[in-house]
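A.B. asks: Mind looking over this structure? Questions follow.
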Amino acid sequence: MEAFKISLDNIGRRFNREWIFKAVNYTFEHNESYAILGPNGSGKSTLLQVLSGSLTPSEGNLSYVLDGSSLPVEDVYKHLVIAAPYLELIEEFTLREIIDFHFKFKGYRDDLNSKSVNELLSLNASNKPLKYFSSGMKQRVKLALAFCSDTPVLLLDEPTANLDQQGIDWYLSLIDHFSKNRLVIICSNQLHEYQFCKHQLSVLDYKL
């Protein structure tokens with residue numbers, strides 16, 4: 001797996017005149033796990049979107065290093081995958097179709113394939129359109145696609161949203177099997193989602 005590092009130098013982000021966070025100086029290292037913590041509405045998801053390159057910081061410098069070489073922000077998406085409640089699936093697709101579509105853009109991790117990802121989900125609904133899935137089933141699909149992608153960076157936002165206890169246990173099994181040798185960043189305020197993380201970063205520490 002490629003070694004990936006994200007460095008934040010005095011990063012801040014604001015909406016209109018309100019600063020969501022300011023003066024963030026931090027480095028996220030390969031093969032480490034990080035929890036971005038804070039109450040609802042504190043800016044966790046905004047920071048994650050800045051890290052992913054989908055939001056531009058209002059101030060400061062953000063840099064990416066892949067195997068020791070600087071990586072331009074427009075190429076970052078190739079090396080990361082994200083699962084979040086606010087990211088929508090294509091609901092007209094069946095489960096089989098969404099798996100095949102996703103992995104046209106990402107490689108499979110650990111010699112997985114469409115069949116094994118389907119089996120990992122255990123939903124018995126490969127030909128069922130996603131619009132008929134429950135919110136918990138959709139969350140399982142998002143997580144499976146993310147964990148099974150061959151990317152050095154794994155970003156998760158509220159990963160067990162809409163999951164019951166069985167789903168939470170399933171998520172923890174994915175962490176055990178598919179988080180090794182990656183840079184893992186989780187936005188959460190639920191201990192069971194991030195208790196394995198070695199490092200913690202509170203958004204509240206970067207408020208004005």
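A.B. asks: Among what's in the range 21-37 and is farther than 19 Å from residue 60 by Cβ and either at pLDDT below 95 or of a type in the set (S, T, N, Q) (or both), pick the residue that is surrounded by the fewest Cβ atoms within 10 Å (Cβ to Cβ).
C.D. replies: 31
A.B. asks: Could you list all residues from the range 114-157 that are assigned to a loop (DSSP other than H, G, I, E, B), at pLDDT below 95 and polar (S, T, N, Q)?
C.D. replies: Listed by number, the residues that qualify are 122, 124, 126, 127, 134.
A.B. asks: Okay, moving on. For a quick check of your reading of the model, give me the residue pairs whose first member lies in the range 110-125 and is closer than 23 Å to residue 180 by Cβ, whose second is buried (at least 16 other Cβ atoms within 10 Å of the Cβ) and among the aliphatic types (A, V, I, L, M), with beta-carbon atoms closer than 7 Å and at least 6 apart or on different chains.
C.D. replies: 114/99; 117/99; 117/144; 118/95; 118/99; 120/144; 121/141; 121/144
A.B. asks: Being in a loop (DSSP other than H, G, I, E, B), within 18 Å of the chain's Cα centre (by Cα) and surrounded by fewer than 18 Cβ atoms within 10 Å (Cβ to Cβ), is that true of even one residue in the range 174-185?
C.D. replies: So the first thing to find is which residues in the range 174-185 are in a loop (DSSP other than H, G, I, E, B), and the list is 179-182.
Of the ones still in play, those that are also within 18 Å of the chain's Cα centre (by Cα) are 179-182.
With the extra rule that they be surrounded by fewer than 18 Cβ atoms within 10 Å (Cβ to Cβ), the set shrinks to 180-181.
Yes, some residue in the range 174-185 is in a loop (DSSP other than H, G, I, E, B), within 18 Å of the chain's Cα centre (by Cα) and surrounded by fewer than 18 Cβ atoms within 10 Å (Cβ to Cβ).
A.B. asks: Just need a number here: residues in the range 51-80 that are within 12 Å of the chain's Cα centre (by Cα) and under 20 Å from residue 25 (Cβ atoms).
C.D. replies: Number of matching residues: 2.
A.B. asks: Ok, one more. Residue 198 - would you say it is in contact with an Asp or Glu (Cβ under 7 Å, 6 or more places away or on another chain), charged (D, E, K, R) and farther than 18 Å from residue 140 by Cβ?
C.D. replies: Here the answer is yes, as residue 198 does meet what is asked.
A.B. asks: Moving on. From the set of residues in the range 72-113 that are assigned to a strand (DSSP E or B) and hydrophobic (A, V, I, L, M, F, W, C), which is nearest to residue 159 (Cα to Cα)?
C.D. replies: Ranking the qualifying residues of the range 72-113, first place goes to 83.
The values are calculated or read from the model by the stated rules, or taken from the named source; none is laboratory data. Nothing here was measured: the structure is a model prediction, and the numbers come from that model. When we count neighbours, we look across all protein chains shown, and the Cβ atoms used for this are built from the backbone with ideal geometry, even at glycine.
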